[in-house]
Amino acid sequence: MKTFLLSTYYQLLIYTRVKIAVFFSFVFPIFIFVVFSFIWGYHNLTYSKFLLTGVIIMKVASDGMFSVGNIIVKFYQDGFVKYFKGIPYSFMKYIGTLVTSRIINTIVTSAVLLGIGVLFFHTIFGFLELIYILLGIVGGFIIFSFLGLIISIFTAGKDDDQSVTFFIYFIMLFLSNIFYPLNQLNPTFGKIAYILPINPVVDLTRGDLVSGIPVILWGIVFTIASYVSFEKHEIGR
């Protein structure tokens, strides 16, 4: 347990030393929330809460797709996995510390966002609302980590491996209810966009318990798909 905690600490330390990662994973979500809230939600408590939960899931999707799945594939490509065969500390435990460090980072960023919302935009959340946010974070992290892993497996070794992940990420981002209620602005288009995995996660975070069903289903689908992808595709260096 001590080794696990120490490894998690070093994962967090490594993360804080990558400036671009800190910017897009911590500074950028806060910037987006503050700017959009001052423009459209300063006197609109409902929109501030709507935007805050959306930005949290935007951050979760980014961390899952770019900071977990992609890194795991890179470990295989670089031969890092073989290193663990010569030491008593297993590779799966190391991945566990990576995931734990990213979840801690997500929770800290979410707490900062909530604090800014309370102090500057008077967005008060009840206990049950915070539980829904936590469920959305956990469910979203599982879904997008496995989705990022699947994409990275199929694009491993290609020059444009990251561009595919970016494309899918931004498609989901702008065809979702993160920044605006797409299903209300265009109900027909909103129904089509709802088949994307990000929308049920966003709705669950906002208190729609029924959305937990598609979140669970997406989690199961991507878990199985990532396992099959690993079995069918050999990741070379």
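The values are calculated or read from the model by the stated rules, or taken from the named source; none is laboratory data. Note that the coordinates shown come from a computational prediction; the quantities given were computed from them, not determined experimentally. Glycine gets a Cβ as well: all are built from the backbone with ideal geometry, and neighbour counts include every protein chain shown.
This table checks each residue for (1) over 26 Å from Pro29 (Cα atoms); (2) in a helix (DSSP H, G or I); (3) in contact with a Phe, Trp or Tyr (Cβ under 8 Å, 6 or more places away or on another chain); (4) of a type in the set (Val, Ile, Thr).
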site	(1), (2), (3), (4)
Ile133	no, yes, yes, yes
Gly136	no, yes, no, no
Phe146	no, yes, yes, no
Ile151	no, yes, no, yes
Ser163	no, yes, no, no
Ile195	no, no, no, yes
Ile216	no, yes, no, yes
Ser229	yes, yes, yes, no
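Inspect the range 27-40 for any residue being in a helix (DSSP H, G or I), modelled with pLDDT under 80, out of contact with any Ser or Thr (no Cβ under 6 Å at 6 or more places or on another chain) and of a type in the set (Val, Ile, Thr) and give the result as yes or no.
Among the residues of the range 27-40, not one is in a helix (DSSP H, G or I), modelled with pLDDT under 80, out of contact with any Ser or Thr (no Cβ under 6 Å at 6 or more places or on another chain) and of a type in the set (Val, Ile, Thr), which makes the answer no.
Tell me which residues, restricted to the range 110-125, are more than 23 Å from the chain's Cα centre (by Cα) and outside any helix (DSSP H, G or I).
The answer is His122, Ile124.
Please work out which one of (1) under 20 Å from Val60 (Cβ atoms); (2) part of a helix (DSSP H, G or I); (3) touching a residue at least 12 places away in the same chain (Cβ under 8 Å); (4) among the aliphatic types (A, V, I, L, M) is the condition Val221 fails and give its number.
(3)
Name the pairs: first residue in the range 21-45 and closer than 17 Å to Tyr180 by Cβ, second residue exposed (fewer than 13 other Cβ atoms within 10 Å of the Cβ), Cβ to Cβ under 7 Å, at least 6 apart or on different chains?
Leu45/His122
Quick test for you: out of Thr106, Thr123, pick the one residue that is in contact with a Lys or Arg (Cβ under 7 Å, 6 or more places away or on another chain), under 20 Å from Phe23 (Cα atoms) and either at pLDDT below 85 or of a type in the set (Ser, Thr, Tyr) (or both). Write out each step before concluding.
Numbers: Thr123 fails: under 20 Å from Phe23 (Cα atoms).
Exactly one of Thr106, Thr123 is in contact with a Lys or Arg (Cβ under 7 Å, 6 or more places away or on another chain), under 20 Å from Phe23 (Cα atoms) and either at pLDDT below 85 or of a type in the set (Ser, Thr, Tyr) (or both), namely Thr106.
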